[in-house]
Each structure stands twice: as C-alpha cells, then as structure tokens.
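A.B. asks: Here's a structure for you.
The values are calculated or read from the model by the stated rules, or taken from the named source; none is laboratory data. Everything numeric here is computed off the predicted structure, so don't read it as measured data. Methodologically, a virtual Cβ is constructed for each residue, glycine included, from the backbone with ideal geometry; neighbour enumeration extends over all protein chains shown. The protein model used for the area step is the full one, side chains on, heavy atoms only, and it has no ligands, DNA or RNA in it. Shrake-Rupley method; radii C 1.70, N 1.55, O 1.52, S 1.80 Å.
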Amino acid sequence: MEIAALVSGGVDSSVVVHQLKEMGYDPTIYYIKIGMEDKDGYIDCPSEEDIEIVTYIAKKYGCRFEVVSLHEEYWDTVVSYTIDSVKRGLTPNPDMMCNKMIKFGVFEQKWGHEFDKIATGHYATTTELDDLTWLSTAKDHVKDQTYFLGQISYVQVSKLMFPIGNLLKSEVRNIAAEQNLPSAKRKDSQGICFLGKVNYNEFIERYMGRKEGLIVELETGNILGKHQGYWFHTIGQRKGLGLSGGPWFVIKKDINRNIIYVSKGYDTKHQYGDTINLQGFEFITKDIWGDFEGEKEIRFKIRHTPEFTKGMISKKGDMYSIHSEVPVQGIAAGQFGVVYDKEAGLCLGSGMII
C-alpha cells in the first residue's frame with residue numbers, strides 16, 4: 001500500500017513515520033509549505049527548522065521526502081475565509097477549514113491522489129462499520145482532535161490514516177525520546193493551522209488594523225473601557241479585556257458601531273445558552289437519521305475541549321438544532337457544532353452555529 005505521510009516537524013507527525021515503519025509500510029513524506037509572505041512581502045513564519053527536522057526523520061527511516069507549496073491556495077481559501085468571518089463579527093475556525101480544503105483537499109488533488117492512504121498526526125481514529133469508514137475519537141480524550149476534523153467528507157475520511165490515534169500523548173513523547181527524534185521535546189504549536197508560530201491577534205491586526213471602540217456593560221449600558229477593534233474579541237471571551245472587578249465575559253458585539261458588550265460573573269444568564277442552531281449541517285459518512293420527528297440523543301462540542309456535552313438534536317427542514325442537557329457557555333456564531341453519537345465514539349458531522 002502506498003502511503004503519503006504529512007509531517008510538519010512536530011512530535012506527533014514525526015512519530016507517525018516511526019509507527020508506519022513499524023507497521024511495515026514505507027511512506028513518502030510530504031512537508032506542506034505555506035509561508036507567511038503576502039503581496040506586501042510580510043514574512044513571519046520561517047519553516048527552515050521544520051524542514052531540517054523532517055529531513056532528518058526522512059533520512060533516519062529511509063523515506064522519500066518532498067517539500068511542496070500550497071501558499072496561494074492557502075491564502076485564497078483559509079486566510080480569506082478567516083478575514084471575511086472576523087469582518088462579519090463571526091468566530092472563524094481556520095483549523096477546520098485548513099483540514100478540509102488544504103491538507104485533505106488541494107493536497108489530495110495535486111499529490112495525494114497518487115497514494116492509497118494519507119497519514120497524519122491527528123489524535124483521531126477511524127472505525128469500519130457496515131462496510132463504511134467512520135471518523136472516531138482517539139484514545140487520548142484530552143488531545144482528541146476530531147472536532148477539527150468535523151468538516152471533512154466521506155471521500156476524505158475513507159482515505160485517512162491516524163497512526164497515533166490509539167496512543168496517549170505521553171506514549172507519543174516516549175516513542176520520540178526512545179527513537180532520539182529531534183522533535184521529542186518540541187512544544188506543541190498553537191495558533192492557526194500551519195501558522196503555529198504566528199500570534200492570532202497579530203495576524204488579524206495585519207489585515208484589520210486597529211479601531212478604538214467602547215466596552216459596554218450589557219445590563220446597565222455603562223461604559224467600562226475601550227478596545228482596539230471588535231475583531232479581536234470572541235463571544236465568551238474572558239481574558240484580554242483589561243477590565244477590573246471581574247470576571248467579565250464578552251456577550252455580544254455590535255459590528256456597525258464597533259461596540260463590545262460584556263457581562264459580569266460566572267452565572268450570568270446572558271453568558272449561557274442551551275439551544276444551538278446549526279446551518280449547513282453535513283454528515284461525514286452518511287445520514288444516519290434521515291427525516292425524523294422528535295429528537296435524537298447525541299454528544300456534541302462547540303469548541304475544542306476534552307469534554308463532550310450531552311444533548312438532543314432535532315430537525316426542521318434543513319436546519320438542525322442541538323438542545324443541550326446543561327447550559328453551554330459562549331455560543332459563538334461562525335463556530336461549528338460537531339455532533340457525535342450518544343456514546344461519543346463516532347463523529348457524525350457538523351454545521352455552522354448561527
């Protein structure tokens with residue numbers, strides 16, 4: 001079987017190569033280069049260290065290695081989606097779009113189609129049921145990344161391999177140390193997919209700039225302070241507001257007047273909700289419910305967290321609504337609600353929160 005392994009230089013994807021070799025495969029390693037150079041010559045994401053590590057791993061395991069560029073495609077899809085979302089006051093998820101459109105989209109069209117499988121370092125697994133492939137959760141529930149894969153299609157998931165999905169993060173680190181991999185002690189990247197070295201707010205400021213606006217208490221209308229642009233703030237946000245006497249949480253945004261509305265306290269009724277409406281919900285493998293009346297029991301996530309929330313899902317026309325068993329904090333339009341079966345073992349699909 002011919003396998004393409006997407007390796008970034010981090011510890012997870014590095015161990016993927018080791019695991020594949022242990023399984024008897026001889027993968028071809030790909031490093032996808034995006035870069036941070038835009039039309040104005042802005043560069044802030046050097047890949048030299050990454051490529052150096054991946055080159056070492058390729059030589060260590062005797063694998064063919066190729067550096068490929070998807071710079072233009074990334075900026076035309078993921079970056080434009082992200083900027084457009086924040087302009088509209090939404091909370092984007094560039095990591096989900098990156099997986100769907102770049103890693104398992106354009107890469108597949110240009111190079112992946114030559115292989116039987118594409119292997120990545122995601123903490124996820126696949127399950128074969130009724131002759132179909134299902135995206136399923138990882139052994140390490142804390143690191144589980146199925147939320148970020150919730151937008152992929154059946155064609156994509158049926159071709160994926162997750163060689164570390166049945167390992168704990170600690171086990172991955174131990175394998176890397178035992179094999180003397182240069183990424184063994186490397187910190188996990190944080191930030192936009194492929195742009196882990198870039199601070200998100202700095203990235204947004206590059207394209208949106210700053211514009212001073214008011215921070216207003218939702219209940220009273222009192223002006224509490226100022227901010228540098230509604231695009232730097234997300235619903236449910238607590239840190240970074242610069243307000244005393246808190247905790248304060250972002251509850252609402254007025255993008256026309258550049259106003260951030262906040263509410264104080266952990267239990268404010270404005271901070272929580274129990275109904276999540278999903279637009280454009282799509283199943284990954286198949287529609288397991290069809291047209292149904294009433295509700296179906298599910299587990300779900302509205303952000304990347306270790307915990308699954310219990311709830312019920314209902315359908316009216318093409319609109320799906322999740323009804324949470326407990327109040328959910330910070331339901332943000334633009335994010336995605338990812339739905340799992342009631343045992344939280346299979347990831348069924350997702351839709352955008354409206």
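A.B. asks: Pairs needed: first member in segment 135-150, closer than 20 Å to V172 by Cα and open to solvent by 20 Å² or more (accessible area, probe 1.4 Å); second member anywhere, polar (S, T, N, Q) and in a loop (DSSP other than H, G, I, E, B); C-beta distance under 7 Å; at least 6 residues apart or different chains.
C.D. replies: Matching pairs, first to second residue: K139/N166.
A.B. asks: With a cut-off of at least 3 residues that are under 26 Å from E128 (Cα atoms) and either touching a residue at least 40 places away in the same chain (Cβ under 8 Å) or open to solvent by 40 Å² or more (accessible area, probe 1.4 Å) (or both), name the strands (runs of 3 or more DSSP E) lying wholly within segment 225-328.
C.D. replies: So the answer is 272-283, 296-301.
A.B. asks: For segment 72-107, give me each residue that is open to solvent by 40 Å² or more (accessible area, probe 1.4 Å) and among the aromatic types (F, W, Y).
C.D. replies: Answer for segment 72-107, where residues must be open to solvent by 40 Å² or more (accessible area, probe 1.4 Å) and among the aromatic types (F, W, Y): just Y81.
A.B. asks: Yes or no: I288 of a type in the set (V, I, T), over 19 Å from I152 (Cα atoms) and more than 20 Å from the chain's Cα centre (by Cα)?
C.D. replies: Considered against the rule, which asks whether it is of a type in the set (V, I, T), over 19 Å from I152 (Cα atoms) and more than 20 Å from the chain's Cα centre (by Cα), I288 comes out as no.
A.B. asks: Another question, if that's okay. Restricting attention to segment 142-176, report how many residues are in a loop (DSSP other than H, G, I, E, B), closer than 25 Å to D287 by Cβ and over 18 Å from the mean Cα position of the chain (by Cα).
C.D. replies: Residues that pass the stated criteria total 2.
A.B. asks: Give me the residue from segment 151-178 that is among the polar types (S, T, N, Q) and surrounded by fewer than 22 Cβ atoms within 10 Å (Cβ to Cβ) and, out of that set, farthest from I102 (Cα to Cα).
C.D. replies: N174
A.B. asks: With the structure loaded, tell me whether G62 is in contact with a Leu (Cβ under 9 Å, 6 or more places away or on another chain), open to solvent by 10 Å² or more (accessible area, probe 1.4 Å) and either among the small types (G, A, S) or on the phi > 0 side of the Ramachandran plot (or both) or whether it fails that test.
C.D. replies: Here the answer is no, as G62 does not meet what is asked.
A.B. asks: Mind counting the residues in segment 179-201 that are modelled with pLDDT of 85 or more and open to solvent by less than 20 Å² (accessible area, probe 1.4 Å)?
C.D. replies: Result for segment 179-201: 3.
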